[in-house]
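The values are calculated or read from the model by the stated rules, or taken from the named source; none is laboratory data. Keep in mind the model is a prediction, meaning the values are calculated, not measured. For neighbour counting, all protein chains shown are included, and Cβ atoms are generated from backbone atoms with ideal geometry for every residue, glycine included.
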Amino acid sequence: MKDDTLFTVEISGHADEFPFVFTIAVNGNAEIRIDSKILHHFKSAAETGICFFVSDQLDRSSWERQSYWSYYPEGHLGRSRGTAFKFSEKAEQEQYRKSPPGRWEVDVRDFYLFDVNQGFAPLPVTRDFRSTKMNILRYTLANRKTHVGLEIISDGHLACRTSLIDKCSAKLSVFEYICYPDLDWGNYEGDTGIANPLQSHLVLRLVQMED
């Protein structure tokens with residue numbers, strides 16, 4: 001369907017046994033609106049959302065979010081706004097049982113979770129860049145040299161996370177629902193109920209960031 005301002009496509013089908021409907025609307029301002037509806041039989045899930053396979057050249061993220069607290073220490077992963085870079089210039093200086101050469105949020109290795117000889121999987125990406133940013137208002141992923149990229153716009157109910165698949169590809173996940181029951185023992189787990197059908201709305205823009 002096409003009108004004066006939007007080109008709209010509706011896609012329906014099944015993912016395994018689950019019926020879904022995606023409505024994708026594109027306007028002339030490089031903006032894409034995506035609405036989805038999925039029926040399921042799950043009582044719980046850790047994460048639900050949409051994933052976009054993106055260029056590995058997008059190496060800078062920035063965000064603005066509705067944070068739980070009004071103040072965070074500098075560099076805290078949960079801060080309400082910030083910028084993170086994929087790689088650290090001091091990555092090669094990080095060694096097992098040695099004092100880290102930089103701030104914790106730009107560490108790329110975790111010798112407790114991963115192999116002590118390498119410390120990361122699959123690639124050495126900073127904690128800040130690969131951490132989930134919840135309750136976003138804006139999440140931008142761009143190339144730090146060309147400043148070209150994409151941006152997710154939300155009203156604060158979505159979460160975003162960028163992860164590397166291999167050396168040549170990356171994935172931007174946009175979550176409608178997150179729940180981590182393993183964080184129990186008094187910690188915040190996230191929403192415990194999962195809606196049926198799962199419905200999501202997001203806006204994606206192609207952007208040219210400023211320096």
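For this structure, a couple of remarks:
- Selection of segment 53-68 for residues being of a type in the set (Phe, Trp, Tyr) and under 19 Å from Arg144 (Cα atoms) yields Phe53, Trp63.
- Verdict on Phe18 being more than 25 Å from Cys179 (Cα to Cα), out of contact with any Pro (no Cβ under 8 Å at 6 or more places or on another chain) and of a type in the set (Phe, Trp, Tyr): no
- Of the listed requirements (1) buried (at least 16 other Cβ atoms within 10 Å of the Cβ); (2) modelled with pLDDT of 85 or more, Ile178 misses just one: (2).
For (1) within 14 Å of Thr132 (Cα to Cα); (2) of a type in the set (Asp, Glu); (3) modelled with pLDDT of 95 or more, each residue gets a yes or a no:
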residue	(1), (2), (3)
Asp59	no, yes, no
Ser62	yes, no, yes
Gly78	yes, no, no
Ser88	no, no, no
Glu92	no, yes, no
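- Residue count for segment 113-125 under the criterion of being at pLDDT 75 or above and farther than 13 Å from Arg161 by Cβ: the result is 1.
- Flag for Ile32 being among the β-branched types (Val, Ile, Thr), farther than 16 Å from Ile153 by Cα and out of contact with any helix residue (DSSP H, G or I) (no Cβ under 9 Å at 6 or more places or on another chain): no
- Note on segment 17-31: residues that are surrounded by 14 or more Cβ atoms within 10 Å (Cβ to Cβ) and in contact (Cβ under 8 Å) with a residue 24 or more places away in the chain total 1.
- Residues of segment 1-31 classified as assigned to a strand (DSSP E or B) and of a type in the set (Asp, Glu), total: 2
- Leading residue by the ranking (farthest from Arg205 (Cα to Cα)) among those in segment 136-170 that are β-branched (Val, Ile, Thr) and touching a strand residue (DSSP E or B) at 6+ places or on another chain (Cβ under 7 Å): Ile165
- Pick from segment 32-58, criterion loosely packed, with under 12 Cβ neighbours inside 10 Å and not basic (Lys, Arg), ranking: farthest from Asn143 (Cα to Cα): His41
Every residue, every condition in (1) within 9 Å of the chain's Cα centre (by Cα); (2) polar (S, T, N, Q), yes or no:
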{"residue": "Leu137", "(1), (2)": "no, no"}
{"residue": "Ser154", "(1), (2)": "no, yes"}
{"residue": "His157", "(1), (2)": "no, no"}
{"residue": "Thr162", "(1), (2)": "yes, yes"}
{"residue": "Ser169", "(1), (2)": "no, yes"}
{"residue": "Leu172", "(1), (2)": "yes, no"}
